[in-house]
Amino acid sequence: MLLLTGLLAPWAISAVLAAALGRFPRLAGRLTAAAGAVSFGAAAAIWMAALGGEVLVAGPGALFRADALSALVACCIAAISGLAMLPWADMGKEPADTDRARVFRGFGSLFTLAMLVAVTINNVALMWVAIEATTIVSAILIPLHRSKASVEASWKYILIGSVGIALAFAGTVLAYFDFVSLLGRRHDALNWTLLMDVAPTLHPDVLRLAFVFLLVGYGTKAGLAPMHTWLPDAHSEAPAPLSAMMSGVLLAVAQYAIIRWKAVVDAAGGPAFTNQVLMGLGLLSVAIGALSLVRQQNYKRLLAYSSVEHSGLICLGLTFGPAGVFASLLHLLNHALAKSMSFLLAGRILARNQSADVDRVSGLVRAMPATGPLFAAGVLALMGLPPFGLFLSEFLLFRAGFTSGHPVATSAALLLAGVGFVGLAGHLARMLHGPAPAGVATGERGWWMLAPLAVSVMAMIVLGLLLP
């Protein structure tokens, strides 16, 4: 019952309390933080059990299931969502802005619940439903700070995301009909565990076609090029806590769905086909993400294009054999920590400078003596520098590429990662150094808010020094 009562129930309760306690924002905030802590504790316990070889199940017919992969992504979701629910600067000055805070806590809790359901449900059709629910709920929050640009970004996200998820639905239905044509109708036909058991008996060509639809569909949510066009607009216009959740863990949820289906298709006809299409989309994503970093002038869009690049690296690693899969999952974990932290700090910088343009932000080290260095640490981690975990995961990923016999693709990705490194380094240097803009206050407020982010930096350093 740990899956239902410990991991999922706290966020459902949090959503209800956020609506019921709108007039008491401090109490609602503390209860939401408590829900996040309980959910993260449950996720950590599930992860420890999974590392010991245990698979937890719950619900009728073992509908909910958490193996090691589910536990890893669930732990990321619970930790980052709990962090994002803290009253960050660009959410308004609580308790004065109670309506905005209530909306964010309510729909943010539902957003987290949908992501957790997606990675713990055993049925791939219900997984599709949960991922579609994340689109609907998060789209409501993108224009929380109402403007023409944020409303346009929300509609763009809905339209592109819905088209993508419709293609994923077509792939799911195609796989279901192949199952039914061979094995007959069963109520558990789309349970992932059953699909894995019967995959060798299914038609490989049908599943390959289904995988194309599934990859385009879930790849849209994962920010893979060329379906990534919604991501820079949505992440740059959304409130920073939502951007942290979307870029940190929503992309990981979509990657999770791709990994689940890849396992089924590989069991049916071998990994050659899935590796080819994933390698192509992965390289394209790394190229577009890295090249966009060089010319980008908005630091929130800068972080968004970095997500496109890292999402491509994760997909690329999945094609490099078992060592590459390990590197990809480690990269997923490291990216979730670094990107969520960077977006939350970008929200503080935006609230202080009232501008997201790189050219209008300077002297961060002087103006914000704690936020500036922490933001630098997050961006340096995203650049893949030691001693942060992303350096180790990228090193393992590229090594797996060379040792698995893909020197051309690996060399191209390495070169493109270098281009992204140069782009991020140049923008970061301009933001950190020089005098602060006229009229921008100096000093830090809300020091206690930065403590969890300092813990994130420590976690990234630990992951860079100790191999899990």
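The values are calculated or read from the model by the stated rules, or taken from the named source; none is laboratory data. Here the structure is a predicted model, which is why all the values come from computation and not from measurement. Cβ sites come from the backbone with ideal geometry, for glycine too, and all protein chains shown count toward neighbours. These area figures cover heavy atoms from the full protein model, side chains too; ligands, DNA and RNA do not enter into them. Shrake-Rupley method; radii C 1.70, N 1.55, O 1.52, S 1.80 Å.
Report, by residue number, each residue of the range 123-164 that is under 30 Å from residue 197 (Cα atoms), open to solvent by less than 10 Å² (accessible area, probe 1.4 Å) and not aliphatic (A, V, I, L, M).
134, 164
When you go through 115, 127 one by one, which is the residue that is touching a strand residue (DSSP E or B) at 6+ places or on another chain (Cβ under 6 Å) and assigned to a helix (DSSP H, G or I)?
The conditions single out 127.
Quick check on this structure: which one of 350, 250, 333 is more than 13 Å from the chain's Cα centre (by Cα) and in contact (Cβ under 8 Å) with a residue 60 or more places away in the chain?
The unique qualifying residue is 350.
For the range 130-146, name all the residues that are touching a residue at least 40 places away in the same chain (Cβ under 8 Å) and in a helix (DSSP H, G or I).
Within the range 130-146, 131, 134, 135, 138, 141, 142, 143, 144 qualify.
If I go through the range 48-60 residue by residue, how many of them are touching a residue at least 24 places away in the same chain (Cβ under 8 Å) and open to solvent by 70 Å² or more (accessible area, probe 1.4 Å)?
Looking only at the range 48-60, we keep the residues that are touching a residue at least 24 places away in the same chain (Cβ under 8 Å), and these are 56-59.
If we keep only those that are open to solvent by 70 Å² or more (accessible area, probe 1.4 Å) as well, we get 57.
The qualifying residues number 1.
Being in contact with a Ser or Thr (Cβ under 7 Å, 6 or more places away or on another chain) and open to solvent by 10 Å² or more (accessible area, probe 1.4 Å) is the filter here; which residues of the range 357-366 pass it?
Of everything in the range 357-366, just one residue is in contact with a Ser or Thr (Cβ under 7 Å, 6 or more places away or on another chain) and open to solvent by 10 Å² or more (accessible area, probe 1.4 Å), namely 366.
When the range 187-239 is examined, which residues are found to be open to solvent by 50 Å² or more (accessible area, probe 1.4 Å), under 28 Å from residue 341 (Cα atoms) and not polar (S, T, N, Q)?
Scanning the range 187-239 gives 226, 237.
Any idea how many residues of the range 253-276 are of a type in the set (A, V, I, L, M, F, W, C) and open to solvent by 10 Å² or more (accessible area, probe 1.4 Å)?
6
Per-residue answers, yes or no, for (1) open to solvent by 10 Å² or more (accessible area, probe 1.4 Å); (2) touching a helix residue (DSSP H, G or I) at 6+ places or on another chain (Cβ under 7 Å); (3) farther than 20 Å from residue 254 by Cα:
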residue	(1), (2), (3)
278	no, yes, no
294	yes, yes, yes
298	yes, yes, yes
339	no, yes, no
349	no, yes, yes
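Working carefully through the options 177, 111, find the one that is open to solvent by 10 Å² or more (accessible area, probe 1.4 Å) and either within 26 Å of residue 66 (Cα to Cα) or more than 18 Å from the chain's Cα centre (by Cα) (or both).
On the way: 111 fails: open to solvent by 10 Å² or more (accessible area, probe 1.4 Å).
Sole residue among the options that is open to solvent by 10 Å² or more (accessible area, probe 1.4 Å) and either within 26 Å of residue 66 (Cα to Cα) or more than 18 Å from the chain's Cα centre (by Cα) (or both): 177.
Scan 162, 138, 150 and give me the residue that is over 26 Å from residue 76 (Cα atoms) and polar (S, T, N, Q).
150
For the range 215-231, give me each residue that is more than 14 Å from the chain's Cα centre (by Cα) and not β-branched (Val, Ile, Thr).
So in the range 215-231, the residues more than 14 Å from the chain's Cα centre (by Cα) come out as 215-217, 225-227, 229-230.
Within the range 215-231, 215, 217, 225, 226, 227, 230 meet the criteria.
If you go through the range 26-47 one residue at a time, how many are at pLDDT below 85, surrounded by fewer than 23 Cβ atoms within 10 Å (Cβ to Cβ) and not charged (D, E, K, R)?
Adding up the residues that qualify gives 4.
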